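These notes concern the structure reproduced below.
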Amino acid sequence: MEKRIIYIAGLGLIGSSIALGIRRDHPDYTILGYNRGEESRKIALEKRMVDQVTDQFAEFAPLADVIILAVPIKQTIEFIRQLATLDLKKDVIISDAGSTKAEIVAAAEEALKEKTIRFIGAHPMAGSHKSGASAADVNLFENAYYIFTPSHLTKDGTIAEMKNLLSGLHARFIEIDANEHDRVTSQISHFPHILASSLMDQAAAYTQQHEMTQHFAAGGFRDMTRIAESEPGMWTSILLTNPDAILERIEDFKKRLDTISGAIQNKNEDVIWNFFQHGRQVRKAMEIHKRAGVDSFYDIFINVPDEEDAILGVLELLRGTSIVNIHINEENREDINGILQITFKNRDDLERSAKIIREKTHYQVFLD
Ligand code: NAD
């Protein structure tokens, strides 16, 4: 296979995890890295994520066959403009990892239009609250969508080359228009982050007058607000680079709140019941119920007491059975019970496991 030089600018969580994924399938490629801070440069080199590092972005760009920008959105645009001034290899592929796409793609189309390069906007849809090369994870993108947003500068074969380069990420590659990407993510990601932070804000203010608020908050509130712990810098850039779609979602949501508020005022039981029933049905049907993009899984739910080794005991009984996933759902009464959810690949494993647990323990067992 042809030996290539890959340049990853930004060795944070995303950039360094991409580097590990490229290494997995292309150990013979040379990976060069840029990072502003010394710590991640050091880690990336020590852990052999990259072969060489620099703190000068322009230094390695002319050597690369592929350049992946994995820095904050504003800096991605800044680097695209710098690339326009550099002497790059002919037909080099330039890509990025920014969480919003339209502004980045528009900046690239404008800045790079006179150059013989190829550009493909991209958004690997996985992450965590961690940052820096110390958080690098070769499996970060496994089964996650890796979205490409083609534009004029995405010439024939560009996406195929990128898919080949990134095969070791084990991601699900998909193509979508940049504006449509920003609209869809405003609904399923950007707006929910606003809601989570608003809920935290509201609860914090309420706690001032109603002290028990913070103590009573349990499973449901925690699930709704987990993402309020996200990194503020990244979310500020996302809101600032996708304003139209996000503002439109906020206005839409206000109307939905007004509708349910009206139904409560009018004590309209049917409207309220249908509101919850509809939410329940669409959530059940949504892809979030299919883990890791595989269509069907078989779940068992076991009501386990909050006792030492209770979960280990259940797993011991299932030794030898192939388990896809384990999740502990803490109920409101976290101090008493937890629901242990175990996912199997097929119905036989599920039914056999349920039988064993029912016979060998006194725990309540429910099937999906
Ligand atoms: P990170 O904080 O782990 O890394 C950011 C990198 O950018 C670091 O290497 C940092 O040194 C560098 N950087 C920051 N400001 C810079 C500046 N002004 N000049 C030069 N370098 C600078 O963040 P990350 O999670 O790896 O995010 C990188 C990109 O990936 C962002 O565009 C983000 O929108 C996108 N992204 C993040 C996630 C996520 O959940 N973390 C998911 C998908 C895409």
With the chain treated as a Gaussian network of Cα nodes joined by springs under 10 Å, which of D223, D65, D91 yields the largest mean-square fluctuation?
D223
Going by C-beta contacts inside 10 Å, put D182, D309 in order with the fewest on the left.
D309, D182
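For the pair E142 and A106, what calculated FRET efficiency results from E = 1/(1 + (r/R0)^6), where r is the Cβ-Cβ distance and R0 = 45 Å, to the nearest 0.05?
My answer for the efficiency is 0.90.
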Quote the FRET efficiency, to the nearest 0.05, computed for L257 versus Y206 with a Förster distance R0 of 25 Å and r equal to the Cβ-Cβ distance.
0.90
Three-way shape label, the stretch 242-281, alpha-carbon gyration tensor, a/c 1.5
oblate
The answer for the per residue Cα convex hull volume of the stretch 162-317, in Å³, is 233
Measure up K130/K255; K284/K355; K155/K284 against 28 Å on the Cα-Cα distance and list the ones that go over.
K130/K255; K155/K284
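How would the stretch 1-64 be classified by its alpha-carbon gyration tensor: rounded, prolate or oblate, with rounded meaning a/c under 1.5 and the a/b versus b/c comparison settling the rest?
Oblate shape, in that a/c is at least 1.5 and b/c is the bigger or equal ratio.
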Can you give the extra length, in nm with one decimal, that the chain gains between F276 and E114 once fully stretched, where that is 0.36 nm per residue apart less the Cα-Cα distance?
52.9 nm
Between K130 and E2, what is 0.36 nm times their sequence separation minus the Cα-Cα distance? Round to one decimal in nm.
42.6 nm
Dipole moment magnitude, nearest 20 debye, the stretch 48-135 about Cα centre, only Lys, Arg, Asp, Glu C-beta charged:
200
Quote to one decimal, in nm, the extra length available between Q52 and A217 on full extension: 0.36 nm per residue of separation minus the C-alpha distance between them.
54.5 nm
Assign one of three labels to the stretch 14-130, namely rounded, prolate or oblate, based on the Cα gyration tensor with a ≥ b ≥ c the square roots of its eigenvalues; rounded applies when a/c is under 1.5, prolate when it is not and a/b is larger than b/c, and oblate otherwise.
prolate
What is the Rg over Rh value, at two decimals, for the chain, using alpha-carbon atoms and the Kirkwood definition of Rh?
1.03
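The numbers here are math on the coordinates, done by the rules we state, and not lab data. These numbers come from a predicted model, not from an experiment. Note that each Cβ is placed from the backbone with ideal geometry, even for glycine, and that neighbours are counted across all protein chains shown.
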